[in-house]
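Some notes on the structure that comes next.
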Amino acid sequence: MTSMFPKILISACLLGRPVRYDGKGKPLSHPAIARWQAEGRLVGFCPEQAGGLPTPRPPAEIEAGMGGEDVVEGRARVVENTGRDVSGAFVEGGRQAVEFARANGCAFALLIDGSPSCGSGFIYDGSFSAVRHPGLGVTAALMRRAGISVYSDREIDALVAHLDGKAGNDL
């Protein structure tokens, strides 16, 4: 049976899957998550794993206070706290996330904020000192470029309101 509702690509860590850099999940507790799961609307994905990075892995940030668009355009790098450049893995994972979203009919993405992949409200500045700034991670930037509406985990109520307002029009 095909869902009559639009699907949502969700960061796998928000479903509790242990895919974050520290080998843990970060489950998002919200009534809509259970409802969307029951409706078959959620499609979990971890772009960092898809890009070939191991779990656990060293923390990574986008350098010099730049953002995901800068990485995609080759103006900035994603660097681990070890100094290793992992930009290629982040771009490849973001590209695969977009392909996966399209293949699964996802019009929306619900991504974990702060991540150099999935951040959509804020990301860290590359100093590894917990300084954050407004910006997009690599995957969030590629999702927006592809026309997929991106919401952070902190914006789930806005996504719920948007989807509930559109539910009658999506049939």
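Quick notes
- Over the chain, dividing the summed -39,500 (n - 2.57) contributions of all DSSP H runs of at least 4 residues by the number of residues returns a 222 nm mean residue ellipticity of -8500 deg cm²/dmol.
- Surrounding net charge for Gly44, when Lys and Arg each add one and Asp and Glu each subtract one, Cβ distance under 12 Å: +3
- Sites listed here are GluC sites (Glu not before Pro) in segment 21-106 whose DSSP assignment is loop and whose Cβ has at most 11 other Cβ atoms within 10 Å: Glu73.
- Within the set [x] 0.97; [y] 1.02; [z] 0.93, the number that Rg/Rh (Cα atoms, Kirkwood Rh) takes when calculated for this structure is listed as [x].
- Percent accessible area from carbon and sulfur atoms, segment 22-171, protein chains only, probe 1.4 Å: 51 percent
- The simple Förster model, with R0 at 22 Å and r as the Cβ-Cβ distance, assigns Asp157 and Ser127 a FRET efficiency of 0.10.
- Over segment 6-94, the pair-distance histogram of Cα-Cα distances with 5 Å bins from zero comes to 3, 14, 20, 20, 17, 13, 8, 4, 1 percent, rounded to whole numbers.
- Surface per residue (accessible, 1.4 Å probe) for segment 1-129, Å²: 44 Å²
- Bridges between two residues of segment 99-155, per DSSP, are antiparallel at a rate of about 40%.
- Within the listed set Asp125, Asp157, Asp70, the Gaussian network model of the chain (springs between alpha-carbon atoms below 10 Å) gives the highest mean-square fluctuation for Asp157.
The values are calculated or read from the model by the stated rules, or taken from the named source; none is laboratory data. Worth saying up front: this structure is predicted, and the values here are computed from it rather than measured. All Cβ positions, even for glycine, are placed from backbone atoms using ideal geometry, and neighbour counts span all protein chains on display. Remember, those area values only see protein heavy atoms, side chains included, never the ligands or the DNA or RNA. Shrake-Rupley method; radii C 1.70, N 1.55, O 1.52, S 1.80 Å.
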